[in-house]
Amino acid sequence: MTESYHVKLEGFEGPLDLLLHLINRYEIDIYDIPVSTITEQYMNYVHAMQELELNVASEYLVMAATLLAIKSQMLLPSLPGNEVDVVEEEEDPRDDLINRLIEYKRYKEAAEEFKKKELEANRIYTRPQMDLTLFGEEQELMEGEASIYDMIAAMGHLLKRSRDVKPADTTIKRDEVSIRTRMDDILQQIDQSNKGHGLHFSQLFVERSKPHTVVTFIAILELMKSKEVRCVQQNHFDELIVYKMEETS
């Protein structure tokens, strides 16, 4: 029995952060959220995280239940015309969620602004020349760099394609690969392919068995954490490209 691998990432800032990511990605008006669409996309991410055996926090599942409840409320039929005059206009079931998202967005933007000011202030004082990246002071995403949510979306598409394709044979084989070994394999693949200029995300998942897929995904996350690779997406919905850090500096 394969033991689940649990990982906690700083990129996961909570369900509101994921909802904001979806709103920005699909260019949705935050004041007029299409609940059916946003619920479907949100559930796709949650299912992908569960299938990858990531430790999904309970707050993500609570938000999923909230979205489904709002969706159900909005599907209820409207009151007949003669009752509308008697009953006060009902509140939009999305109002509470929209207010929470707006408030979260303001705090998030304020936190990012304070972080920028802190970095600027740190550069005012003279100090011996050093590589600041070693101390994690340069942590903002570069233009086009993929977020953790972009990676989960890419994995969701790969897993869906794997389910849609029938296996060539039904022979069961046990092929356990350690995360460290897969990390080394990925670095070697990038070196050997395309003159070391990066690999498409899907090219790292040629073998589509679930254990291999999960180990590969975790290996990529570990390589990103150790700043050995980074994932880039130039435009929305483009395929991710995995680069070695020293090749993109």
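As a quick test, which of the pairs Lys108/Lys210; Lys71/Lys227; Lys71/Lys116; Lys71/Lys105 have an alpha carbon distance above 31 angstrom in this structure? Flagged as over cut-off: Lys108/Lys210; Lys71/Lys227; Lys71/Lys116.
Using the average count of surrounding beta-carbon atoms within 10 Å as a protection proxy, the listed peptides 92-99, 147-154 rank, highest first, as 147-154, 92-99. Peptides 42-50, 185-193, 28-36 ranked from most to least packed, by the mean per-residue count of other Cβ atoms within 10 Å: 42-50, 185-193, 28-36.
Here, each number is a calculation from the coordinates, and none is a lab measurement. Because the structure is a prediction, the values reported are computed rather than measured. No Cβ is skipped: glycine too gets one built from the backbone with ideal geometry, and neighbour counts run over all protein chains shown.
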